[in-house]
Amino acid sequence: MRPLPAPDRGSQRVIFIEQLAELIGKTPATIRTFVSKDRYRHLIPTPFKMPHSRRLCWYEHEVFSWMEQNRRGQQ
């Protein structure tokens, strides 16, 4: 896996399901399941869709914040 750049907390960079899958170690199919079923939604950051698009999107800074919060909860 290639190293990820340090997150820029002020950026509004959008990432898609493939990038999220790589970041959190889940497959795109698993992430789609988590999004589509209420009982799993707490297991991933909240996605959104761009206007006129069906692709799931996340703001990179929100994903990194979510990862940090979950990491702290495991310690």
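Read-outs: derived from the displayed coordinates by stated rules, not from any lab. Remember, it's a predicted structure, so these values are computed and weren't measured experimentally. Cβ coordinates were reconstructed from backbone atoms using ideal geometry, including for glycine residues, and neighbour counts include every protein chain displayed.
Using a simple spin-label model with points 7 Å from Cα along the Cα→Cβ vector, what separation in nm is obtained for VAL14 and ARG41?
Here the modelled spin labels are 2.1 nm apart.
Provide, in order from the shortest bin, the percent of all Cα-Cα pairs of region 14-74 in each 5 Å bin, continuing until the bin that contains the maximum pair distance.
Here the calculated profile for region 14-74 is 4, 18, 29, 28, 16, 3, 1, 0.
Give me the dipole magnitude in Debye, nearest 20, for region 14-74 about the Cα centre, with unit charges on the beta carbon: positive for Lys and Arg, negative for Asp and Glu.
That gives a dipole near 300 debye.
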